[in-house]
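*Asks:* Below are the structure tokens for one structure; questions will follow.
The values are calculated or read from the model by the stated rules, or taken from the named source; none is laboratory data. Please read these numbers as outputs of a predicted model, since none were measured by experiment. Neighbour counts are summed over all protein chains in view; Cβ atoms, including those assigned to glycine, are modelled from backbone coordinates with ideal geometry.
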């Protein structure tokens, strides 16, 4: 069973792989960080993130849409829920 | 100008036996007559784990026609289809157009009020909708009691034959578009236009019959409807419907498509994911990616070629039943959107492309003032600035309304300048625009989104400084009036339209 910190770190790795220039900003990313407003993710990058989450954590997110995740917290909660 | 030898031009890229089978048709009824006769037991659509053969699809649409007949709808009546991509959507659409109706495929994201507004603007007689949109249609049901409603999941009561008296001039579909002026409207496309677009989609691939396609684009987009669905059916191919875009690579792994129809942003995402997870996310059988609806970077063409996949860029509009030109020489001429497809005439007026042709729409529905702007002497004014090279290949150099007129009187086409910056492998996208400083002085500014996958490979310690140096070198090579006075490397992507085109700044 993954811990919240492990999921957060995995998520940061995904965000860096999507845009390596963001690496220096990852220290500031917390659970309250908003994906669109704070990280500047657009529809395609949200899709990229969701696909990468399934690949990286080897999970099925079910019938979610790319707009179902607003904050990092939402994303971690969902990953932990489906990894149970 | 006319391109008399257009069909012959494309012949050399196609298997000669298959090329003989690419025959122009006047109506969807004519096409479907051939499909159901020639492809009977072949799989047509795979959706939700169920495979439907051409015969089964034919039976289902003949039953569904009874729903339209029982509702008293006659040839030429307009109905909307409001659903996400599914077998049932395709069934309701094909039943409608083969019954002689004009079908408006409505985007699934419409809210209830917009749906009602659209039903009035398009003068719809009925709406076919999916169960999940019951709440969204409730307002229209109440507000417009004369509108008839049908469930796309219904079967129908008995078989009804296809219309026998359709011609190429009869209306076939209404497609949503932002058009050349940015206001949402419906482009009315005849049977002849849809069939020309469908046949045009057959040109450029060596083997085009009996292929495997994945449907990712919405069918409410002309690229999805014409190139992805109609050309697939015309060629006896199989279409696998991807129900959720996040599952597209799982669907690819299962279905192993041979042709994908993608917008460039998704094509690039597929490449990056393949690198990130160190495996081919595109499936081992993929031969062609048909890429359009936004600008295709030459970088993508060469990267796909390294994987043995031909990425073919093209140019089209909703108003032209999608396809105007396609580029089977994308490696030799990566900046071109290709060679014009048959049965079109072109005129270039002040660098703007004007078109007449069998694939062109019959106008915007219910908007005479928009048609007034869109046409001149029967020519459709695309709003795109273009040039043809000596071999007849087309290049998009900008959009009319994007032209920046400098105080010196010189005109700058941003797209024409951006192409030099975009040629750097470290640049994913760029935007040249006019800005104004605190003293009211107008100047040209450039913003760039870096392609981090390439930039991270360079040895320089300060990668941003390296990129800025490269951008400055390009800037220095430009004529003085096209040089940017300020260059910014962005941290995030540009704001984009639903078709993934950059939303252009309007600062001045």
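*Asks:* Can residue B:289 be described as away from every other protein chain (no Cβ under 14 Å), buried (at least 24 other Cβ atoms within 10 Å of the Cβ) and modelled with pLDDT under 95? Before you say what the answer is, go through the steps one by one.
*Replies:* On the way: away from every other protein chain (no Cβ under 14 Å): yes; buried (at least 24 other Cβ atoms within 10 Å of the Cβ): yes; modelled with pLDDT under 95: no.
When the stated conditions are applied, residue B:289 does not pass them.
*Asks:* May I pose another question? Of everything in the stretch B:13-70, what is free of Cβ contacts under 8 Å to residues at least 12 places away in the same chain, over 25 Å from the mean Cα position of the chain (by Cα) and over 20 Å from residue B:95 (Cβ atoms)? Give them in sequence order.
*Replies:* The answer is B:16, B:17, B:20, B:49.
*Asks:* In the stretch B:225-256, how many residues are closer than 25 Å to residue A:52 by Cβ and touching a strand residue (DSSP E or B) at 6+ places or on another chain (Cβ under 9 Å)? Give the steps one after another, and end with the answer.
*Replies:* First pass over the stretch B:225-256, keeping only residues closer than 25 Å to residue A:52 by Cβ: B:240-256.
Okay, now just the ones that are also touching a strand residue (DSSP E or B) at 6+ places or on another chain (Cβ under 9 Å), so B:240-243, B:248, B:251-252, B:254-256.
Going through the stretch B:225-256 one residue at a time, the tally reaches 10.
*Asks:* Another question, then. On the basis of being at pLDDT 95 or above, within 14 Å of chain A (Cβ to nearest Cβ) and assigned to a helix (DSSP H, G or I), does residue B:251 make the cut? Write out each step before concluding.
*Replies:* Values: at pLDDT 95 or above: yes; within 14 Å of chain A (Cβ to nearest Cβ): yes; assigned to a helix (DSSP H, G or I): yes.
Spelling it out, residue B:251 is indeed at pLDDT 95 or above, within 14 Å of chain A (Cβ to nearest Cβ) and assigned to a helix (DSSP H, G or I).
*Asks:* Determine if the stretch B:125-135 includes at least one residue that is part of a helix (DSSP H, G or I), surrounded by fewer than 20 Cβ atoms within 10 Å (Cβ to Cβ) and modelled with pLDDT under 95.
*Replies:* No, the stretch B:125-135 has no match at all.
*Asks:* Among B:149, B:176, B:223, which is the only one that is more than 21 Å from the chain's Cα centre (by Cα) and not in a loop (DSSP other than H, G, I, E, B)? Working first, answer last.
*Replies:* Working: B:176 fails: more than 21 Å from the chain's Cα centre (by Cα); B:223 fails: more than 21 Å from the chain's Cα centre (by Cα).
The conditions single out B:149.
*Asks:* If the requirement is being more than 10 Å from chain B (Cβ to nearest Cβ), in a loop (DSSP other than H, G, I, E, B) and closer than 24 Å to residue B:449 by Cβ, which of these qualifies: A:27, A:38?
*Replies:* Values: A:27 fails: in a loop (DSSP other than H, G, I, E, B).
The unique qualifying residue is A:38.
*Asks:* All but one of (1) away from chain A (no Cβ under 13 Å); (2) closer than 26 Å to residue A:41 by Cα; (3) free of Cβ contacts under 8 Å to residues at least 60 places away in the same chain; (4) in contact with a strand residue (DSSP E or B) (Cβ under 7 Å, 6 or more places away or on another chain) hold for residue B:490, so report the exception by its number.
*Replies:* (1)
*Asks:* With B:147, B:188 as the choices, which residue is assigned by TED's automatic domain parsing to the domain that holds residue B:34, modelled with pLDDT of 95 or more and crowded, with 17+ Cβ neighbours inside 10 Å?
*Replies:* Numbers: B:188 fails: assigned by TED's automatic domain parsing to the domain that holds residue B:34.
So the residue among B:147, B:188 that is assigned by TED's automatic domain parsing to the domain that holds residue B:34, modelled with pLDDT of 95 or more and crowded, with 17+ Cβ neighbours inside 10 Å is B:147.
*Asks:* Can you tell me which residue is nearest to the other protein chains (Cβ to nearest Cβ) among those in the stretch B:454-471 that are touching a strand residue (DSSP E or B) at 6+ places or on another chain (Cβ under 7 Å) and within 23 Å of residue B:412 (Cα to Cα)? Can you show your working first?
*Replies:* Within the stretch B:454-471, the subset touching a strand residue (DSSP E or B) at 6+ places or on another chain (Cβ under 7 Å) is B:464, B:467-468, B:471.
Narrowing further to those that are within 23 Å of residue B:412 (Cα to Cα): B:468, B:471.
Working: B:468: 13, B:471: 15 Å.
Going through the qualifying residues, I end up with B:468.
*Asks:* So in the stretch A:63-79, with the set limited to residues that are surrounded by 17 or more Cβ atoms within 10 Å (Cβ to Cβ) and assigned to a helix (DSSP H, G or I), which one is nearest to the other protein chains (Cβ to nearest Cβ)?
*Replies:* Step by step, filter the stretch A:63-79, then rank; the result is A:66.
*Asks:* Among the candidates A:31, A:6, A:37, A:60, which residue alone is free of Cβ contacts under 8 Å to residues at least 60 places away in the same chain, in contact with a helix residue (DSSP H, G or I) (Cβ under 6 Å, 6 or more places away or on another chain) and exposed (fewer than 15 other Cβ atoms within 10 Å of the Cβ)? Break it down into steps so the answer makes sense when it comes.
*Replies:* Working: A:6 fails: in contact with a helix residue (DSSP H, G or I) (Cβ under 6 Å, 6 or more places away or on another chain); A:37 fails: in contact with a helix residue (DSSP H, G or I) (Cβ under 6 Å, 6 or more places away or on another chain); A:60 fails: in contact with a helix residue (DSSP H, G or I) (Cβ under 6 Å, 6 or more places away or on another chain).
A:31 is the lone residue from the list that is free of Cβ contacts under 8 Å to residues at least 60 places away in the same chain, in contact with a helix residue (DSSP H, G or I) (Cβ under 6 Å, 6 or more places away or on another chain) and exposed (fewer than 15 other Cβ atoms within 10 Å of the Cβ).
*Asks:* Assess whether residue B:283 counts as being closer than 26 Å to residue B:343 by Cβ and either touching a helix residue (DSSP H, G or I) at 6+ places or on another chain (Cβ under 9 Å) or in a strand (DSSP E or B) (or both).
*Replies:* Working: closer than 26 Å to residue B:343 by Cβ: no; either touching a helix residue (DSSP H, G or I) at 6+ places or on another chain (Cβ under 9 Å) or in a strand (DSSP E or B) (or both): yes.
In short, no.
*Asks:* Among the residues of the stretch B:415-453, which ones are away from every other protein chain (no Cβ under 14 Å) and out of contact with any strand residue (DSSP E or B) (no Cβ under 7 Å at 6 or more places or on another chain)?
*Replies:* Answer for the stretch B:415-453, where residues must be away from every other protein chain (no Cβ under 14 Å) and out of contact with any strand residue (DSSP E or B) (no Cβ under 7 Å at 6 or more places or on another chain): B:419, B:420, B:423, B:424, B:425, B:438, B:439, B:440, B:441.
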